[in-house]
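Read the figures in this text as sums done on the coordinates, not as results from a lab. Given the structure is predicted, the values throughout are model-derived calculations rather than measurements. A quick note on method: Cβ atoms are made from the backbone with ideal geometry, for glycine too, and the neighbour counts reach across all protein chains shown.
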Amino acid sequence: MGSTVLVTGASGFVGSHLATALVEAGHQVRAMTRHPERYDGAGEPVQGDVADRASLDRAMAGVDVAYYLVHSLDSDDFVELDAQAARHFSAAAAQAGVERIIYLGGLGREDQDLSDHLRSRRQVEQLLAEDGVPVTVLRAAIVIGHGGISWEITRQLVAHLPAMLVPRWATTRTQPIALTDVIRYLVGVLEPVEAKGRVFEIGGSEVLTYAEMMQRVAKLHHHRSLPMLAVPLLTPRLSSHWLAFVTDVDTATARNLVDSMSNEVVVHEDSIRAVVPGEPMDYTAAVEAAYAQRAAARGGGGGPTGQRGARVQDEPSPTA
């Protein structure tokens with residue numbers, strides 16, 4: 001019999017797919033959500049809110065491993081909210097005797113001037129381990145898959161605009177990763193002893209700028225070029241309003257994400273491959289898979305993909 005696993009953010013983009021994969025792998029999954037009566041995904045729904053310590057105590061009773069997949073990026077005070085949530089989770093996990101926590105964090109070199117978003121992700125890593133439960137961290141950039149905020153920004157911008165005025169962040173390098181590979185790594189670090197308490201960097205097989213990613217999507221899916229004109233004076237605040245106007249991402253989330261787009265987020269060490277073997281997808285394959293997931297969802301078979309404004313982790317990247 002597999003482990004008893006708690007998945008927070010189980011109705012979200014990453015969490016919904018992870019819960020399904022864990023059940024298929026033979027684990028007993030508790031799908032934590034604030035509204036279990038609405039949950040129709042994999043696993044057993046349990047009520048829980050990272051802002052409510054008592055609910056975490058109930059949800060974690062008898063759990064072997066807990067996945068932490070939540071954040072408050074849609075709030076202006078997300079740094080403090082996420083810090084307090086991580087403290088609650090750490091204390092509840094220690095009290096319940098949880099063997100390990102697995103957290104999906106964000107890439108970015110610590111010698112950079114990291115954005116509030118990425119600094120918050122590092123703070124959460126530390127706070128989750130504050131009460132002694134070993135934390136396995138997977139740091140990633142943009143996750144490519146239907147329903148992910150970053151992917152939706154890319155897809156919608158390309159779909160809606162025949163040409164773009166782009167700010168300086170469009171030339172920042174990032175290492176996108178397919179949703180399939182993220183789930184493979186999250187499941188893959190659950191049992192190996194050598195993964196316990198370690199930090200891993202994960203990414204796809206290509207490093208691209210945001211501009212190159214959008215131009216690739218334009219050619220692959222729309223069979224056209226995407227002319228771009230760089231406007232270096234386009235400020236982060238103006239960029240966030242532009243994203244909120246052209247896409248369905250709310251302004252607060254867009255503003256917090258844009259602040260991180262100047263940070264390069266690429267993989268600098270690949271020790272994860274010794275623990276979870278296998279080659280990750282390239283960007284083209286990830287994009288094709290995301291469009292296939294969207295087609296399936298529109299046909300009624302896509303399952304939950306996360307809701308606008310929901311407090312679930314869609315991804316850890318600067319454009320999460």
Quick one: angle between helix 78-96 and the longest Cα principal axis of the chain, in degrees between 0 and 90, rounded to 10, please.
-> 30
Within region 10-37: backbone nitrogen closer than 17 Å to the Ala297 label point (7 Å, Cα to C-beta) | 10-21
Expressed as an acute angle from 0 to 90° and rounded to the nearest 10, what is the orientation of the C-alpha long axis of helix 13-24 relative to the principal long axis of the chain?
-> 50
Exposure proxy check on His146, His241, His71: fewest-to-most Cβ neighbours within 10 Å is His241, His146, His71
Residue by residue, what Karplus-based ³J(HN,Hα) values in Hz, rounded to whole numbers, does region 4-9 have, using 6.51, -1.76 and 1.60 with θ = phi - 60° and x for Gly and Pro?
-> 8, 10, 9, 10, 7, x
List the extent of the Cα atoms of region 4-298 along each of their three principal axes, largest first, rounded to whole Å.
-> 55, 40, 35
Once you have the Cα-Cα distance between Glu24 and Arg273, take 0.36 nm times their residue separation minus that, and quote the gain in nm to one decimal.
-> 87.4 nm
Rounded to a whole number, what is D in µm²/s for region 1-99 from Stokes-Einstein with the Kirkwood radius over alpha-carbon pairs (37 °C, 0.692 mPa s)?
-> 245
Taking placed amide H atoms and a strict 5 Å upper bound, the residues 5 or more places from Tyr68 or on another chain that come that close are Ile102, Tyr103, Leu104
Taking the chain as the reference, fit the longest principal axis to its C-alpha atoms, fit the long axis of helix 283-298 to the helix C-alpha atoms, and give the angle between the two in degrees, 0 to 90, nearest 10.
-> 70
Is it possible to state the helix-based mean residue ellipticity at 222 nm for the chain, with each DSSP H run of 4+ residues giving -39500 (n - 2.57), the sum divided by total residues, to the nearest 500 deg cm²/dmol? What is it?
-> -12000 deg cm²/dmol
DSSP bridge orientation in region 4-298 - percent antiparallel, rounded to nearest 5 = 5
Quick one: which residues, 5 or more positions from Arg139 or on another chain, have an amide H under 5 Å from its amide H? H modelled 1.01 Å from N in the peptide plane, none for Pro or chain starts.
-> Gly105, Phe200, Glu201, Ile202
Which far-off residues, 5 or more places away or on another chain, put their amide H under 5 Å from the one on Gly197, with H placed in the peptide plane?
-> Val135, Thr136
Apply the Karplus parameterisation 6.51 cos²θ - 1.76 cosθ + 1.60, with θ equal to phi minus 60°, to every residue of region 193-203 and state each ³J(HN,Hα) to the nearest whole Hz, in sequence, with x for glycine and proline.
-> 4, 5, 8, 5, x, 10, 10, 10, 10, 10, x
Full-extension gain in nm, Val199 to Leu238, via 0.36 nm per residue minus C-alpha separation = 10.5 nm
Using only Cα positions of region 205-281, each an equal point scatterer, no hydration layer, compute I(q)/I(0) via Debye at q = 0.14, 0.25 Å⁻¹ and quote the log10 values to two decimals.
-> -0.69, -1.22
For region 205-211, in residue order, the Karplus 3J(HN,Hα) values (coefficients 6.51, -1.76, 1.60; θ = phi - 60°; whole Hz; Gly and Pro = x) are 8, 10, 10, 9, 7, 4, 5
Rounded to the nearest 20 debye, dipole of region 4-298 from Cβ charges on Lys, Arg, Asp, Glu | 660
Do you know the relative contact order of region 4-298, to the nearest whole percent, from alpha carbon pairs under 8 angstrom that are 6+ apart?
-> 19
